[in-house]
Amino acid sequence: MKTVLKGCQILENFKLPKVPEDVSSSFKALCSVLEAVCQERLNKEYLSLAIKLATKIARKKPSLLVLGSEKIWAAGIIHSLGLVNFLFDKSQSSHMALPYMALKDLGEWFNLEESVVSEKGESIRQMIKIHQIDPKWSLPSRAINNPLVWRYRC
């Protein structure tokens, strides 16, 4: 895993959502890892969604966030969001001006095997009931191109 950036600018001015006290320290550490990967390889949209997903996981009863390392949770969160937003599809990123990252690169960033990243991503998607092109987990910049967005009423 790349070194988590000391004094990252994004979270310094960002108030993290409230989570149960027993997972608070794990949640903060996870958010720091998410910030580092998003700042280095992705963007603020991914960070915002990643923190939203981490919050949802932290608030689950019982929260599994205290089990396992922050880097595995972070890798799984990015993998889950990446599948929804075509992060691993080079053809999508080029014409949409969105980030692209191969699954291999994601695993290397976290110093994890691709299979570990994929398995954690799959378990998160099952836990939260996330599916491909899920409007709730789409990047705001992709929402206009998401056909499922238009199926929901405001």
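Things worth noting here:
- Extreme residue, surrounded by the most Cβ atoms within 10 Å (Cβ to Cβ), among residues of segment 53-64 that are more than 15 Å from Gly121 (Cβ to Cβ) and in contact (Cβ under 8 Å) with a residue 12 or more places away in the chain: Ala58
- Residue check, Lys120 closer than 27 Å to Glu21 by Cα, part of a helix (DSSP H, G or I) and modelled with pLDDT under 95: no
- Checked across segment 57-68, the condition of being out of contact with any Gly (no Cβ under 6 Å at 6 or more places or on another chain), outside any helix (DSSP H, G or I) and among the polar types (S, T, N, Q) holds for at least one residue.
- Verdict on Lys52 being more than 10 Å from the chain's Cα centre (by Cα) and part of a helix (DSSP H, G or I): no
- Number of the exception - Gln92 against (1) at pLDDT below 85; (2) surrounded by 14 or more Cβ atoms within 10 Å (Cβ to Cβ); (3) not in a helix (DSSP H, G or I): (3)
The values are calculated or read from the model by the stated rules, or taken from the named source; none is laboratory data. Please read all numbers here as calculations on a predicted model, not as lab measurements. Please note: Cβ atoms are built from the backbone with ideal geometry, for glycine as well, and neighbour counts cover all protein chains shown.
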